């Protein structure tokens with residue numbers, strides 16, 4: 001049971017080539033706009049035809065290019081929730097739901113279940129954003145789909161409404177035992193709403209894993225960046241077992257065997273990164289030690305320690321985002337501008353203690369190791 | 001006064017308008033899903049009658065449906081003769097008015113949100129239902145505008161009509177050909193009457209459209 005997807009489709013230079021499986025629960029497709037997320041959903045729903053591949057839902061073959069099977073969308077029983085809900089503008093709420101339900105009795109049942117009885121005679125243009133989403137969901141679920149596809153349903157909403165509607169959507173899908181695919185470019189949204197996440201980049205799936213695992217140890221550069229890690233660098237392995245962080249001009253302690261990247265055996269890591277709030281500021285006596293050590297070290301790059309040349313401090317709602325370059329870096333690349341983030345009061349304290357000189361330690365366990 | 005031209009003009013305009021309504025919409029709907037190269041060529045062919053002088057359209061119609069042409073002769077076996085018959089006027093008006101319907105309908109279809117159609121399909125609605133109950137209502141402004149333009153154009157058709165069916169009082173005379181004939185034989189007063197009749201019809205049509213549009217909102 002579940003949904004198996006393997007499709008390939010070309011658009012000029014762009015090639016969509018994805019394969020994944022989804023059992024019960026919510027699978028998130030995370031990717032920047034234009035990476036092929038929506039196109040993947042449209043292929044599954046049958047409104048766009050892939051060139052080759054196979055789509056199987058709960059044992060039913062929806063599409064198989066080899067066997068020449070291509071069920072029309074009407075027969076696929078796949079629900080699709082569109083970004084702007086795609087409610088039929090010339091029909092009342094009631095008629096919209098009837099389109100999914102098919103019978104009067106079932107329409108009544110869904111109007112009741114989704115608290116839409118009061119607006120049953122209204123047209124979509126008269127509804128609030130929240131009501132529209134509820135109508136679209138009721139209409140979709142009334143057709144009793146065997147899988148549900150959610151295509152960026154919150155992207156047009158402000159933050160307050162978004163949080164409310166996310167909760168509403170999730171409670172409505174509670175108890176829905178079939179596969180649910182949720183597409184978004186917002187990592188927080190995907191993290192909150194899904195169980196497993198597939199990261200998409202340029203028409204391909206760069207990484208697919210359980211969400212905690214994905215955010216803790218993404219295996220690819222695309223996944224790392226899309227999960228919101230702002231600090232990444234290219235690597236060069238050194239003879240002493242450490243790695244040179246090319247874009248930062250420091251060395252990084254290598255990962256312990258089997259600790260990262262899915263516990264693979266000794267691997268060649270190509271990129272590394274750390275999240276902005278995982279760096280640890282070094283102040284007071286420790287900073288003094290750092291300075292002495294730097295003098296003693298000579299030309300050899302420091303290990304897991306960044307000396308910061310602060311470019312700017314950006315005050316966010318509850319935190320301060322500090323952008324900086326590593327000091328004494330001979331060549332700056334696009335990845336040399338680093339970010340450190342901490343609470344406002346914490347930052348005040350650090351600034352008072354550091355006399356304008358900031359050292360950041362990158363704990364080895366906070367480093368993300370990527371194989372490609 | 002002989003009211004035949006009024007009756008004839010109205011039936012020609014009404015029938016050709018109905019024909020053009022369905023043909024124009026069908027052409028617009030199918031042209032939208034053709035590959036771009038084919039679409040370009042088809043677009044030129046379908047729009048030509050709008051930019052050609054109506055007399056040139058009339059010439060082509062005579063070339064095809066003339067009594068000595070193969071198709072004209074073929075149709076005559078079934079008693080159909082477009083030349084010098086009132087229903088030839090329907091053909092002439094339809095050809096000239098077609099591009100107006102086609103182009104406005106195509107514009108309306110192109111601005112239609114295809115996600116509505118996609119949503120309908122995933123809900124299991126038939127393509128016919130989606131077309132008539134979702135696509136057409138959503139495009140009604142453009143379709144209505146096209147229909148009115150086509151009707152007005154058909155009602156005012158002169159060039160192609162006069163070439164194909166000429167002017168025979170009580171048989172093929174329309175308002176526009178009557179106005180010209182009366183003017184030619186110095187019946188200025190009678191011509192003026194028909195001008196006023198035409199003006200009245202056009203005004204009523206435009207007012208009706210305005211009312212419909214307001215009701216639509």
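The values are calculated or read from the model by the stated rules, or taken from the named source; none is laboratory data. What you see is a predicted model; the values in this text were computed from it and never measured. All Cβ positions, glycine included, derive from the backbone under ideal geometry; neighbour counts span all protein chains shown.
Only one of these is out of contact with any helix residue (DSSP H, G or I) (no Cβ under 8 Å at 6 or more places or on another chain) and in contact (Cβ under 8 Å) with a residue 24 or more places away in the chain: B:193, B:203. Name it.
The conditions single out B:193.
Can you name the residue in segment A:138-150 that is under 27 Å from the mean Cα position of the chain (by Cα) and within 12 Å of chain B (Cβ to nearest Cβ) and is also farthest from residue A:3 (Cα to Cα) among such residues?
Ranking the qualifying residues of segment A:138-150, first place goes to A:138.
In segment A:71-86, is there at least one residue being in contact (Cβ under 8 Å) with a residue 60 or more places away in the chain and either away from every other protein chain (no Cβ under 14 Å) or more than 29 Å from the chain's Cα centre (by Cα) (or both)?
no
From B:130, B:134, which residue is in a helix (DSSP H, G or I), within 8 Å of chain A (Cβ to nearest Cβ) and under 26 Å from residue A:149 (Cβ atoms)?
Just a single option satisfies the conditions, and that option is B:134.
So, in segment B:1-52, exactly how many residues are surrounded by fewer than 11 Cβ atoms within 10 Å (Cβ to Cβ) and not in a helix (DSSP H, G or I)?
Of the residues in segment B:1-52, 4 are surrounded by fewer than 11 Cβ atoms within 10 Å (Cβ to Cβ) and not in a helix (DSSP H, G or I).
Kindly establish whether residue B:144 is under 30 Å from residue A:97 (Cα atoms), within 14 Å of another protein chain (Cβ to nearest Cβ) and surrounded by fewer than 23 Cβ atoms within 10 Å (Cβ to Cβ).
Considered against the rule, which asks whether it is under 30 Å from residue A:97 (Cα atoms), within 14 Å of another protein chain (Cβ to nearest Cβ) and surrounded by fewer than 23 Cβ atoms within 10 Å (Cβ to Cβ), residue B:144 comes out as yes.
Report yes if residue B:152 is in contact with a helix residue (DSSP H, G or I) (Cβ under 7 Å, 6 or more places away or on another chain), crowded, with 20+ Cβ neighbours inside 10 Å, away from every other protein chain (no Cβ under 14 Å) and under 14 Å from residue B:93 (Cα atoms), otherwise no.
no
Output the residues belonging to segment A:314-334 that are modelled with pLDDT of 90 or more, surrounded by fewer than 19 Cβ atoms within 10 Å (Cβ to Cβ) and in contact with a strand residue (DSSP E or B) (Cβ under 6 Å, 6 or more places away or on another chain).
Those that are modelled with pLDDT of 90 or more, surrounded by fewer than 19 Cβ atoms within 10 Å (Cβ to Cβ) and in contact with a strand residue (DSSP E or B) (Cβ under 6 Å, 6 or more places away or on another chain): A:314, A:319, A:321, A:323, A:325.
Based on what the data block shows, is residue B:120 at the interface with another protein chain (Cβ under 8 Å from one of its Cβ atoms), under 24 Å from residue A:151 (Cα atoms) and crowded, with 20+ Cβ neighbours inside 10 Å?
For residue B:120, the condition - at the interface with another protein chain (Cβ under 8 Å from one of its Cβ atoms), under 24 Å from residue A:151 (Cα atoms) and crowded, with 20+ Cβ neighbours inside 10 Å - is met.
Looking for something closer than 18 Å to residue B:165 by Cβ, in contact (Cβ under 8 Å) with a residue 40 or more places away in the chain, away from chain A (no Cβ under 14 Å) and not in a helix (DSSP H, G or I) - is there at least one such residue anywhere in segment B:61-82?
Yes: segment B:61-82 contains one or more residues that are closer than 18 Å to residue B:165 by Cβ, in contact (Cβ under 8 Å) with a residue 40 or more places away in the chain, away from chain A (no Cβ under 14 Å) and not in a helix (DSSP H, G or I).
With the requirement that a residue be within 8 Å of chain A (Cβ to nearest Cβ) and in a helix (DSSP H, G or I), what does segment B:102-116 give you?
B:115, B:116
When you check residue A:169 against the structure, is it in contact with a helix residue (DSSP H, G or I) (Cβ under 8 Å, 6 or more places away or on another chain) and surrounded by 16 or more Cβ atoms within 10 Å (Cβ to Cβ), yes or no?
yes
Restricting to segment B:150-176, name every residue that is in a loop (DSSP other than H, G, I, E, B) and either touching a residue at least 60 places away in the same chain (Cβ under 8 Å) or in contact with a strand residue (DSSP E or B) (Cβ under 7 Å, 6 or more places away or on another chain) (or both).
Matches in segment B:150-176: B:157, B:158, B:166, B:168, B:169, B:170, B:171, B:172, B:173, B:174.
Given the structure, is residue A:89 in contact with a helix residue (DSSP H, G or I) (Cβ under 8 Å, 6 or more places away or on another chain), within 18 Å of residue B:119 (Cα to Cα), facing another protein chain (nearest Cβ under 10 Å) and surrounded by fewer than 24 Cβ atoms within 10 Å (Cβ to Cβ)?
Spelling it out, residue A:89 is indeed in contact with a helix residue (DSSP H, G or I) (Cβ under 8 Å, 6 or more places away or on another chain), within 18 Å of residue B:119 (Cα to Cα), facing another protein chain (nearest Cβ under 10 Å) and surrounded by fewer than 24 Cβ atoms within 10 Å (Cβ to Cβ).
When you check residue A:156 against the structure, is it away from chain B (no Cβ under 14 Å), under 28 Å from residue A:7 (Cβ atoms) and in a loop (DSSP other than H, G, I, E, B), yes or no?
Against the criterion (away from chain B (no Cβ under 14 Å), under 28 Å from residue A:7 (Cβ atoms) and in a loop (DSSP other than H, G, I, E, B)), residue A:156 does not qualify.
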